[in-house]
Amino acid sequence: MIIQMQAKGFNESILQSDSGIVVKNSSDFIQFVPNSSDSNISSTHIIFYPGALVQPEAYAPYARILAEQGYEVLIQKVPFRLAFTEGLEKSVFTKTIDIINSHSDSTKWVLAGHSKGGAMASEFAGEYPDKLSGLLLIGTSHPRRIDLTSLDIPITKVYASEDGLASVEEVQKFSGNLPHHTNFVLVHGGNHSQFGYYGVQLGSGTATISREKQQQQLVMASLELLLNL
């Protein structure tokens with residue numbers, strides 16, 4: 001299954017620096033940093049939690065597009081690509097807090113996550129709401145067990161009509177755990193795995209639109225959230 005969750009389907013230049021974007025790949029993050037001389041650079045940064053077992057690079061095309069719009073994006077690497085224990089999950093949250101605290105107080109932070117990464121992003125938002133200016137949940141039915149209705153930050157949930165792992169019915173079932181102001185964006189024809197660029201995933205569902213069209217809608221929903229912070 002790990003092999004199938006490897007990043008694929010995009011040009012490797014996405015992960016290389018150029019005159020507009022600096023790409024930094026460390027043991028903890030893949031960072032996409034807009035050129036500081038760009039007048040469109042934003043004070044809003046995004047931290048992204050990958051889906052379970054998915055290679056972090058699978059979200060590089062999405063991250064790079066946001067960076068090209070002036071937003072620094074950090075794809076956080078999760079231990080064993082899963083953080084399957086409470087202790088490992090806490091270690092992820094600690095690194096998230098460390099990176100937030102290493103920047104100036106004027107920096108705004110949006111936490112995003114796909115699938116299990118969305119579940120973790122929900123849990124982080126519940127524990128550390130004062131650290132975030134926005135929350136972006138992608139292809140996930142979470143939060144399932146926690147009540148985030150008191151959050152007063154902008155929240156967007158992007159989900160897909162053909163997603164077999166976070167179905168429309170499940171998303172609707174647990175929607176009451178999010179505030180009334182949450183923006184729900186349904187990608188018609190999308191499935192679970194096309195929220196990233198990786199191989200076959202059991203239960204993902206069969207998409208009726210291309211990965212590129214699904215990614216375009218994801219980017220549009222993300223930018224709508226970012227522009228309204």
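Tabulated values for the structure
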item: Odd one out for Ser161 among (1) surrounded by fewer than 19 Cβ atoms within 10 Å (Cβ to Cβ); (2) out of contact with any Gly (no Cβ under 7 Å at 6 or more places or on another chain); result: (2)
item: Those residues of the stretch 108-122 which are farther than 23 Å from Glu162 by Cβ and in contact with a Phe, Trp or Tyr (Cβ under 8 Å, 6 or more places away or on another chain), in sequence order; result: Leu111, Met120
item: Any hit, the stretch 84-93, residues being of a type outside the set (A, V, I, L, M, F, W, C), surrounded by 18 or more Cβ atoms within 10 Å (Cβ to Cβ), part of a helix (DSSP H, G or I) and at pLDDT below 95; result: yes
item: Residue among Val200, Val168, Val187, Val219 that alone is hydrophobic (A, V, I, L, M, F, W, C) and crowded, with 22+ Cβ neighbours inside 10 Å; result: Val187
item: Test: Val33 is assigned to a strand (DSSP E or B), surrounded by fewer than 21 Cβ atoms within 10 Å (Cβ to Cβ) and out of contact with any Lys or Arg (no Cβ under 9 Å at 6 or more places or on another chain); result: no
item: Unique residue being more than 22 Å from Gln216 (Cα to Cα) and either assigned to a loop (DSSP other than H, G, I, E, B) or in contact with a strand residue (DSSP E or B) (Cβ under 6 Å, 6 or more places away or on another chain) (or both) when the list is Leu74, Leu53; result: Leu53
item: Pro56, sole failed condition from (1) touching a residue at least 60 places away in the same chain (Cβ under 8 Å); (2) crowded, with 18+ Cβ neighbours inside 10 Å; (3) not basic (Lys, Arg); result: (1)
item: Residue check, Gly134 touching an Asp or Glu at 6+ places or on another chain (Cβ under 8 Å), of a type outside the set (Asp, Glu) and under 21 Å from Leu223 (Cα atoms); result: no
item: Neighbours by Cβ (under 9 Å, 6+ apart or cross-chain): first from the stretch 203-214, touching a residue at least 40 places away in the same chain (Cβ under 8 Å) and buried (at least 19 other Cβ atoms within 10 Å of the Cβ); second of a type in the set (Lys, Arg) and assigned to a loop (DSSP other than H, G, I, E, B); result: none
item: Some residue of the stretch 25-33 being in contact with a helix residue (DSSP H, G or I) (Cβ under 9 Å, 6 or more places away or on another chain) and without any contact (Cβ under 8 Å) to a residue 12 or more places away in the chain; result: yes
item: Selection count where residues are touching a strand residue (DSSP E or B) at 6+ places or on another chain (Cβ under 8 Å), surrounded by fewer than 19 Cβ atoms within 10 Å (Cβ to Cβ) and touching a residue at least 24 places away in the same chain (Cβ under 8 Å), scope the stretch 171-184; result: 5
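The values are calculated or read from the model by the stated rules, or taken from the named source; none is laboratory data. Computed from a prediction, not measured in an experiment: that's the story for all the values here. No Cβ is skipped: glycine too gets one built from the backbone with ideal geometry, and neighbour counts run over all protein chains shown.
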